[in-house]
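Presented below is the structure to which this report refers.
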Amino acid sequence: MAAFRPAWVFAVALTAVLAGSALAVLEPAARERPAGGSATDPLPAEAVAALAVITPVPGSLGAEPARAALGRTLFSDTRLSRGGDRACITCHDIRINGASAVARDLTTDGRPLARNTPSVFNAALSFRLGWAGEIPTLQDQAEADLTRPDFLGGSWPAILSVIRGDPALAGRFRSAFGREADREAVIDAIVSFERSLLTPGSRFDGWMGGDAGAVTEAERAGYALFRGIGCAACHQGVNVGANLFEKVGIFVTIPNKAAEVLRVPSLRNVAVTAPYFDDGSVATLPEAVRLMARVQLGRELTAAQADAIVAFLGTLTGSYEGRPLTAPRAPGSGPQPQPQPRG
């Protein structure tokens, strides 16, 4: 019988194999056509090496425009919820960071949800969804959000009645799908919109594409430390995570927390998505970085080391519809920013 190896061993080994393969493929292409420079300018070796670990967020996943526009409308339509008082955007605020400012949002009956709300931005790039990876696809997530009592609590008869009873909305469904709105079309519309919720244009992606001035020397040093101490063994790929499962608490168990296996979260836009972890228990990014180094890597970081990694993580904030994502205001601090006109 083969000896048992913990999950992190396989994660590290797999990452090494994938990184080597990616570098072999990416290096010639990157040297031929660097973004941000002329077609003949080679990428710096440091940027090529980074492309073996992290790949830029694409500008599009090919969402069908009419269906995505319908999904955008449904994403903010409170009429689809059981109480008529909430929508997907209530917890996933796409005007700011795709999540919310609280540790745990509330269910339809006012109880805190079991877990923190992750950002909806770049969710289409994750291999599974939910903190435990319990949701296989965006389609499954959309149905759960619409119908689970803890979320919107709607029912399909009521949802379809609202849509079919709205002449403008019903007409858009017939135009986009060639038929009357049904369960499959509603889910498809929401998923099409969520596939458009990408945040390209981060400074780190720009640097990997050839813009030498996109990140500072201190931020590059933070990335080198992030990679050197082992963070990149789990946080890599286009979403800088969200493509592996890992036990939480490999070297040290987090106090008052079960050592469960969770989906490694994405670090895209992490600088603006506090609070952190599945229970929303950590308020600041430096604290989160030091805790993860301790429990996952067995490393005690100094404040300066944590700050260096935080500086790098700040370069992973991208933009949606031309606007950089922002952290939400603390609850009770005033109204949230309103959507800007779309060009």
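The values are calculated or read from the model by the stated rules, or taken from the named source; none is laboratory data. Keep in mind it's a predicted model, so treat the numbers as computed, not measured. For neighbour counting, all protein chains shown are included, and Cβ atoms are generated from backbone atoms with ideal geometry for every residue, glycine included.
Worth a mention:
- Filter result for I159 (touching a helix residue (DSSP H, G or I) at 6+ places or on another chain (Cβ under 7 Å), closer than 21 Å to S60 by Cβ and not assigned by TED's automatic domain parsing to the domain that holds V270): no
- Any hit, the range 222-232, residues being at pLDDT 95 or above and touching a strand residue (DSSP E or B) at 6+ places or on another chain (Cβ under 6 Å): no
- So A224, is it part of a helix (DSSP H, G or I) and without any contact (Cβ under 8 Å) to a residue 12 or more places away in the chain: yes
- Summed over the range 198-245, residues that are more than 22 Å from Q296 (Cα to Cα) and of a type in the set (A, V, I, L, M, F, W, C) total 8.
- Of the residues making up the range 39-71, those that are assigned to a helix (DSSP H, G or I) and in contact (Cβ under 8 Å) with a residue 40 or more places away in the chain are E46, A47, A50, L51, A66, R67, A68, A69, L70, G71.
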